[in-house]
Amino acid sequence: MLTTLYATAFYAASLLMAVALLRRIWLYAATPAPLKIPTTPAPLTKGGVTLRMFREVAFFESLFKANKWIWLFGWMFHVALAIVVLRHLRYFLQPVPMLIELIQPVGILAGFAMVAGLSALLARRLLVERIRYISGPSDYLMLALFLAIGLSGLGMKYLARTDIVSVKQFFLGLIYFDWRPLPADPALLVHLTLVLTLMVVFPFSKLLHAPGVFFSPSRNQADDSRERRHVPPARLESTQRRA
Ligand code: HEM
């Protein structure tokens, strides 16, 4: 019963997340960018834009220039999240790749770093008057959701251990359509229910900044308006149709 419930929920949430996310990315890609508006000083070439985008995504460069504290905790949270996700791949891959095995000890530290970064970001929203004024429910909810996932994960690791071999069998079973029972441990069920919630809200939430950054005209345009005429694709199509 429990296994069927969670198996169905994971299939449904994965499908919803994939379809809604692809649709959203399609909308971003199809939205015209009629003006040349790179944030200056901006790179002059496409290669330069790629490099700046890489620095932005990997190191949060613009946030670093804007605010060192938010950068420190925001970057800490995101890097830790990436490592935690990599560490979790051991539940979905058999055999476990060498890199994922090597990352395991760092992954546990990352769990703590993730929770620390999130706590600082939440404290900022609650304690800094100016930031509290501009914070909406979703700002708090997203931080709380990630915090709860991190804390329930650490809780499972240190307080109420679960049978991680069975957890892995359950998820491999989902992938190969050969269902295996899910352990009925409360901490695991809380962790997984929160993860399901994250999967469902992701494509409809502020978390879309992750794919969105790549489509931001002020970030993905080269500052070449003196070299070439900017003709937005939609305009180009209609010009060609007329010709
Ligand atoms: C279906 C997806 C997931 C499964 C099956 C899963 C399962 C688990 C399990 C079994 C543990 C305990 C590890 C142990 O006892 O050694 C754990 C820990 C943890 N989980 Fe997850 N989890 C999932 C998704 C996530 C996500 C999306 C996040 C972050 C947003 C996350 C964050 C954590 C953290 C921070 C820990 C503690 C550190 C660690 O052991 O890695 N989990 N998870």
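Among the criteria (1) outside any helix (DSSP H, G or I); (2) surrounded by 12 or more Cβ atoms within 10 Å (Cβ to Cβ), the one Gln169 does not fulfil is (1).
Being in contact with a Gly (Cβ under 9 Å, 6 or more places away or on another chain), away from the ligand (no atom under 14 Å from the Cβ), on the phi > 0 side of the Ramachandran plot and not polar (S, T, N, Q) is a property that Phe60 has. Restricting Ala148, Ala116, Ala110 to those that are assigned to a helix (DSSP H, G or I), within 21 Å of the chain's Cα centre (by Cα), at pLDDT 95 or above and more than 10 Å from the ligand (Cβ to nearest atom) reduces the list to Ala116. As a summary of the residue check, Ile175 satisfies the conditions (1) over 21 Å from Ala13 (Cβ atoms); (2) open to solvent by 50 Å² or more (accessible area, probe 1.4 Å) except for the one numbered (1). Residues considered: Ala160, Ala148, Ala66, Ala82. Of these, the only one that is open to solvent by 70 Å² or more (accessible area, probe 1.4 Å) and of a type in the set (Gly, Ala, Ser) is Ala66.
Note on region 186-201: residues that are open to solvent by 30 Å² or more (accessible area, probe 1.4 Å), near the ligand (Cβ under 9 Å from one of its atoms) and within 16 Å of Gly155 (Cβ to Cβ) amount to 2.
Looking only at residues in region 88-107 that are open to solvent by less than 50 Å² (accessible area, probe 1.4 Å) and in contact (Cβ under 8 Å) with a residue 24 or more places away in the chain, the one that is nearest to the chain's Cα centre (by Cα) is Gly107. With respect to being on the phi < 0 side of the Ramachandran plot, open to solvent by 70 Å² or more (accessible area, probe 1.4 Å), in a helix (DSSP H, G or I) and among the aromatic types (Phe, Trp, Tyr), Tyr140 falls outside the description.
Screening the candidates Leu72, Leu81, Leu99, Leu121 for the property of being assigned to a helix (DSSP H, G or I) and near the ligand (Cβ under 10 Å from one of its atoms) yields one hit, Leu81. Within region 151-171, if we keep just the residues that are touching a residue at least 40 places away in the same chain (Cβ under 8 Å) and within 30 Å of Leu126 (Cα to Cα), the residue that is farthest from the ligand (Cβ to nearest atom) turns out to be Ser152. Report the residue count in region 172-190 for those that are touching a helix residue (DSSP H, G or I) at 6+ places or on another chain (Cβ under 7 Å), free of Cβ contacts under 8 Å to residues at least 40 places away in the same chain and not in a helix (DSSP H, G or I). Total satisfying the criteria: 1.
In the condition set (1) away from the ligand (no atom under 13 Å from the Cβ); (2) open to solvent by 30 Å² or more (accessible area, probe 1.4 Å); (3) of a type in the set (Ser, Thr, Tyr), Ser135 is compliant with all but (2). Restricting attention to region 204-217, the residues that are surrounded by 13 or more Cβ atoms within 10 Å (Cβ to Cβ) and closer than 18 Å to Thr50 by Cα add up to 7. Filtering region 1-43 to residues that are farther than 25 Å from Phe202 by Cβ and either at pLDDT 95 or above or touching a Lys or Arg at 6+ places or on another chain (Cβ under 9 Å) (or both) leaves Pro32, Pro34, Pro38, Thr39, Ala42, Pro43.
The values are calculated or read from the model by the stated rules, or taken from the named source; none is laboratory data. Predicted model only: the values in this text are computed from it and were never measured. As a convention, Cβ positions derive from the backbone with ideal geometry for all residues, glycine included, and neighbour counts pool all protein chains shown. In case anyone asks, the SASA skips ligands and DNA or RNA and just uses the protein heavy atoms, side chains included. Shrake-Rupley method; radii C 1.70, N 1.55, O 1.52, S 1.80 Å.
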